[in-house]
Structure formats: structure tokens, C-alpha cells
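Some notes on the structure that comes next.
None of the figures in this text is laboratory data; all of them are computed from the coordinates on show. For clarity, every value in this text was computed on a predicted model and none was experimentally measured. Positions of Cβ are backbone-derived with ideal geometry, glycine not excepted, and every protein chain shown enters the neighbour counts.
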Amino acid sequence: MRYSKIWIIIVLVSLINLTAIPILGVGAGHLSLISTEKTIPHFLPLVEGTVYTFGGEGNEYAPFRRVMQIVDGDHAQIYDNNGGTVIALVYQVTDQNIVMKKQIGEFYEEDMNLIPDVKDKKENGLIVLKGPLEVGHQWETNGQTRTIVALMEPVTVPAGTFTDTIKIEARYPDHDMRLYEYYAVGIGLVLREFVGDDFQVTSFLESIQSK
């Protein structure tokens, strides 16, 4: 199946939300991955002020810059800028899952805190990661089927080589395409691959800066 360039761009802009990327230290000793729900928060450390730079291939919107703008308890507000638009995202991180509870495109109000709008509400958001952390674990969320397909698979990107990782596959019922996300303990998203029958778009972590 072939996809128009416009359709791919729309999907890429929306998929920038599917990541969780704060860091506690590149190159530091990473926690060993254990098959238990209690390790889930290690895949999205909430560190306010951290900036993540992603390079990309396959599409002009593949590279993007991410900022962990606001942290409030187990919630975080993140800004993604891919050069075409700025997207505001609100995540909640618990021992059970990582949920993207809110997403607003074309958002340029950096001082506006969106967390109070969703913090005490039961939002039906996108479940980015859900326990138990076992290969084959699968869940349905927001029109996607997401599956843990690998654990402890080494991933090398410009920011470094990461071994304590988890690989998630997302499939879409109406399209012959797949999204692969690689998360590293203590880091978050380090690699994303968006694959169709005749295209592949990749985003990879290049650098991290923290306060």
C-alpha cells in the first residue's frame, strides 16, 4: 500500500507524542530490567528542564527537539518542536503505566500549564507503556495494538549505546504500517522507526542537556 506524503506528515506530527524521553544521566550505570510493573517509571524519569535533540531520516519532520518543560508530581508537560509545529503533551507516569493524557498541536504558549486540566481527571489517553514488562504483553489503546516485542536489546544511536531497553511495536488496524519504539532505562525514548510497505522514517536520540 502506498501513502501520500501529506498523510505521512500528518501521522508523524501526531506520533511525536508517543515518546517519553527525560534522562538521569547518559553513560551512567543503568538499572537492570526486571519483569515487574515497578520498573515502568524508570522508562520516563521526570526531570524538569531537560532538553532532548533527535536527528532523523526519511522525512523532513523526523528530527525534533523535546523539552521537559513542567513536572508536577507524577505528571509532566513536554514540548515537541519538529520545525513545522510545536506540540504540547501531558504524560502521567505510575507503577502501572505511562499514559499520554493530553496533546495539543500548534501550541506556542510556553508559560501555560496544562497539567491542572487533566491531573485529577480519568482521561482515556494513549497508554504508551503498560505492565507487566514481558515479551508478548499486548494492549489496545486509542486505535492501536501495542506489544512488547523485545527486552534488553542493545540499541546504538548518536547519544550512545543502551542495553537495558524495551522495544514496543504499535500496529494500526486500518493501515499496513508499524511503529517501533525503543526505550532505555533512565533515558526514555532513544529510537523510533515508522515503517510502511514503501517507506521508513526514523528518529534517533542525538544529545541530551539537563540543568
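A few points about this structure:
- The modelled label-to-label distance between Asn142 and Glu48, using points 7 Å beyond Cα along the C-beta direction, is 2.4 nm.
- 26 Å Cα-Cα threshold exceeded, pairs from Lys101/Lys130; Lys119/Lys167; Lys102/Lys130: Lys119/Lys167
- Gain in span if fully extended, Asp95 to Asp111, counting 0.36 nm per residue against the direct Cα distance: 2.9 nm
- Taking a ≥ b ≥ c as the square roots of the eigenvalues of the alpha-carbon gyration tensor, segment 139-211 is classed prolate because a/c is 1.5 or more and a/b outweighs b/c.
- Neighbour counts of C-beta atoms inside 10 Å place Asp74, Asp198 in the sequence Asp198, Asp74, starting with the fewest.
- Shape call, segment 44-181: gyration tensor on alpha carbons, a/c limit 1.5: rounded
- Distance between segment 129-149 and segment 35-108 - C-alpha centres, whole angstrom: 19
- The HN-Hα couplings worked out from phi for segment 167-177 by the Karplus form 6.51 cos²θ - 1.76 cosθ + 1.60 (θ = phi - 60°) are 10, 10, 10, 10, 10, 10, x, 9, 9, 8, 9 Hz, whole numbers, x standing for Gly and Pro.
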